[in-house]
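The values are calculated or read from the model by the stated rules, or taken from the named source; none is laboratory data. Everything numeric here is computed off the predicted structure, so don't read it as measured data. Note that we place each Cβ from the backbone using ideal geometry, even for glycine, and neighbour counts take in every protein chain shown. Quick note on the areas: whole protein, heavy atoms, side chains included, nothing else; ligands and nucleic acids left out. Shrake-Rupley method; radii C 1.70, N 1.55, O 1.52, S 1.80 Å.
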Amino acid sequence: MKIDAQPFTFELPPGRTALVIIDMQRDFIEPGGFGAALGNDVSLLESAIAPTQALLQAWRARGWPVVHTRESHAPDLHDCPPAKRDRGQPALRIGDPGPMGRLLVRGEPGNDIVPALAPLPGEIVIDKPGKGAFYATPLQQALQARGVTHLVFAGVTTEVCVQTTMREANDRGYDSLLVDEATQSYFPEFKAATLAMITAQGGIVGWVASLAAVLQALDSAAPGPA
Ligand code: TIU
């Protein structure tokens, strides 16, 4: 299946392409979470929800693999390096109690994926202590077990967890495409720079396509897992 993309056509193998939704959590998207504690205007991320939902519906309709990630730490914070917890002067630090529970701690309300994108049984959910989703997680084994060779990315934030994971994926041999409308940053100029960095030099990290281009390619092919 061919997708009109930058810097050139992305060849998407049906059934072997996972949708990877990075960290669409209340902690980053809603007021009172980790993103807000870092001083960000979290309302900037909301526009990524509906496009990501459209991708999710398309993948679910075809029975293709879906991965949801959550940036999160164990309640005792053993997987949160002091360098991460102590960085800067945030209003609240990782593990501190906030209006949605302890920041970035697994199982707390703020750590949940936003309701519109809640995982379904059978979908892969990866709790990740780092910015990259391959670091210290079973993601690669889960993809290999399902025969996944290509990744389509959505999620937040573009230049932090999404870009880090795309770079990790690139080094592991995955062809990766980021969907423009389905990713957002607290810094619009960083999103723009990231899209340019990914596609420069002949796709040094991967591809970027519009939501319409992805959905058009999917709709023009017969649905089905193979
Ligand atoms: N702060 C910021 O832009 N992002 C993160 O801390 N994590 C993710 O990108 N998920």
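For the chain, the longest principal axis of the alpha carbon atoms and the long axis of helix 211-220 meet at an angle near 40°.
The range 98-124 and the range 133-198 have Cα centres spaced 20 Å apart.
Here the chain carries DSSP beta bridges of which approximately 20% are antiparallel, counting only pairs with both residues inside.
Could you look at the chain and say what percent of its accessible area is carbon and sulfur, using a 1.4 Å probe and all protein chains? Before the final figure, lay out each step's value.
Values: 5270 of 9540 Å².
It is 55 percent, rounded to a whole number.
Please check: in the Gaussian network model of the chain (C-alpha springs, under 10 Å), which one of Leu120, Leu19, Leu55 has the largest mean-square fluctuation. It is Leu120.
Once the Cβ-Cβ distance of Asp79 and Ala50 is raised to the sixth power relative to R0 = 45 Å, the FRET efficiency obtained is 0.90.
What FRET efficiency would be calculated for the residue pair Glu11, Gln144, taking the C-beta separation as r and a Förster radius of 22 Å, to the nearest 0.05? Please report the intermediate quantities before stating the final value.
Values: r = 20 Å, r/R0 = 0.90.
It comes out at approximately 0.65.
Express in nm, to one decimal, how much length is gained between Glu189 and Gln201 on full extension, taking 0.36 nm for each residue of separation and deducting their alpha carbon distance. The partial results should precede the final answer.
Working: separation 12, 0.36 × 12 = 4.32 nm, distance 1.98 nm.
Once the chain is fully extended between Glu189 and Gln201, it gains 2.3 nm.
The modelled label-to-label distance for the pair Lys2/Asp219, using points 7 Å beyond Cα in the direction of Cβ, is 1.9 nm.
Residues whose amide H falls under 5 Å from that of Thr183, counting only those 5 or more places apart or on a different chain, are Gly155, with hydrogens built in the peptide plane.
Comparing Arg102, Arg60, Arg167 in a Gaussian network model of the chain where C-alpha atoms under 10 Å apart are linked, the largest mean-square fluctuation is found at Arg60.
Ligands, DNA and RNA are left out, and with a 1.4 angstrom probe the accessible area of the range 46-203 is 42 Å² per residue. Shape summary: the chain maps onto an equivalent ellipsoid whose semi-axes, from the alpha-carbon gyration tensor, are 29, 18, 16 Å in decreasing order. Looking only at Pro90, Pro82, Pro14, which one moves most when the chain is put into a Gaussian network model with springs between Cα atoms under 10 Å? In this elastic network of the chain, the residue with the biggest mean-square fluctuation among Pro90, Pro82, Pro14 is Pro82.
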